[in-house]
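For reference, the structure is listed below as structure tokens.
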Amino acid sequence: MTVQVTALVIGANVHDSQLAIPLEKWTERKLTHLYSVMDSAYDAQPILGYIEGKGRVPLIEANKRRGGTRQSFTPAQQERFKVRSVIERANAHLKDWLIPSQIFVRGSAKVSFQLLCAVLALAALKIPQYFELKPASREA
């Protein structure tokens with residue numbers, strides 16, 4: 001089971017990879033994790049070095065634009081990396097259906113509130129999918 005335990009709302013002018021190491025530090029204070037699953041935008045030596053230096057396994061796709069030639073994933077790592085598709089689907093659902101195309105409030109607290117309400121709504125939509133409700137059997 002995958003759980004995102006750290007979230008941060010930042011301005012559009014900040015690239016996600018600039019916050020990878022701070023988010024890793026923030027997450028490691030909350031729990032012990034063995035793998036860091038990220039897309040190719042995070043394929044940078046400082047990020048890889050930090051994760052490996054902490055004794056974790058970075059599951060980061062090689063960035064093809066930079067001529068990434070890292071070792072491919074083992075079968076077990078490939079299985080773990082599949083969780084990224086679940087995360088990407090959740091992000092797409094948020095962007096397409098739950099987050100407004102324009103946000104008309106100012107301030108990070110108000111924007112964060114709107115975005116986290118969307119995440120809460122997504123959780124409310126997805127939780128029932130994990131419970132299989134079977135109709136009661138009728139015995140005559």
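Across the range 20-58, what is the total count of residues that are in contact with a Phe, Trp or Tyr (Cβ under 7 Å, 6 or more places away or on another chain) and within 20 Å of Gln78 (Cα to Cα)?
3
Among the listed residues Arg29, Arg89, Arg65, which satisfies the condition of being farther than 20 Å from Gly11 by Cα, under 14 Å from the mean Cα position of the chain (by Cα), in a helix (DSSP H, G or I) and without any contact (Cβ under 8 Å) to a residue 40 or more places away in the chain?
Exactly one residue qualifies, and that residue is Arg89.
State all residues of the range 32-56 that are assigned to a helix (DSSP H, G or I), out of contact with any His (no Cβ under 9 Å at 6 or more places or on another chain) and surrounded by 12 or more Cβ atoms within 10 Å (Cβ to Cβ); if no residue qualifies, say none.
Ser40, Tyr42, Ile47, Leu48, Gly49, Tyr50, Ile51, Glu52
When the residues of the range 57-114 are narrowed to those that are of a type in the set (Phe, Trp, Tyr) and farther than 19 Å from Val37 by Cα, which ends up surrounded by the most Cβ atoms within 10 Å (Cβ to Cβ)? Working first, answer last.
The initial filter retains those residues of the range 57-114 that are of a type in the set (Phe, Trp, Tyr), namely 73, 81, 97, 104, 113.
Checking the rest, the ones that are also farther than 19 Å from Val37 by Cα come to 97, 104, 113.
Working: Trp97: 11, Phe104: 7, Phe113: 13.
In this case the residue turns out to be Phe113.
Just checking, which of Ala92, Ala76, Ala44, Ala62 is of a type outside the set (Lys, Arg), in the same structural domain as Ala20 (by TED's automatic domain parsing) and out of contact with any Lys or Arg (no Cβ under 9 Å at 6 or more places or on another chain)? It would help to see each step written out before you state the result.
Working: Ala92 fails: in the same structural domain as Ala20 (by TED's automatic domain parsing); Ala44 fails: out of contact with any Lys or Arg (no Cβ under 9 Å at 6 or more places or on another chain); Ala62 fails: out of contact with any Lys or Arg (no Cβ under 9 Å at 6 or more places or on another chain).
Exactly one of Ala92, Ala76, Ala44, Ala62 is of a type outside the set (Lys, Arg), in the same structural domain as Ala20 (by TED's automatic domain parsing) and out of contact with any Lys or Arg (no Cβ under 9 Å at 6 or more places or on another chain), namely Ala76.
Looking only at the range 14-31, which residues are among the polar types (S, T, N, Q) and surrounded by 15 or more Cβ atoms within 10 Å (Cβ to Cβ)? Walk me through it before giving the result.
Keep residues of the range 14-31 that are among the polar types (S, T, N, Q), which gives 17-18, 27.
Of everything in the range 14-31, those that are among the polar types (S, T, N, Q) and surrounded by 15 or more Cβ atoms within 10 Å (Cβ to Cβ) turn out to be Ser17, Thr27.
Can you tell me which condition Gly11 does not meet? The list is (1) outside any helix (DSSP H, G or I); (2) surrounded by 15 or more Cβ atoms within 10 Å (Cβ to Cβ); (3) not β-branched (Val, Ile, Thr), and all the others hold.
(2)
Kindly provide the set of residues from the range 32-56 that are without any contact (Cβ under 8 Å) to a residue 24 or more places away in the chain and more than 16 Å from the chain's Cα centre (by Cα), ordered by number.
Answer for the range 32-56, where residues must be without any contact (Cβ under 8 Å) to a residue 24 or more places away in the chain and more than 16 Å from the chain's Cα centre (by Cα): Thr32, Gln45, Leu48, Gly49, Glu52, Gly53, Gly55, Arg56.
The values are calculated or read from the model by the stated rules, or taken from the named source; none is laboratory data. Please read these numbers as outputs of a predicted model, since none were measured by experiment. Don't worry about glycine lacking a Cβ; one is built from the backbone with ideal geometry, like all the others, and counts go over all protein chains shown.
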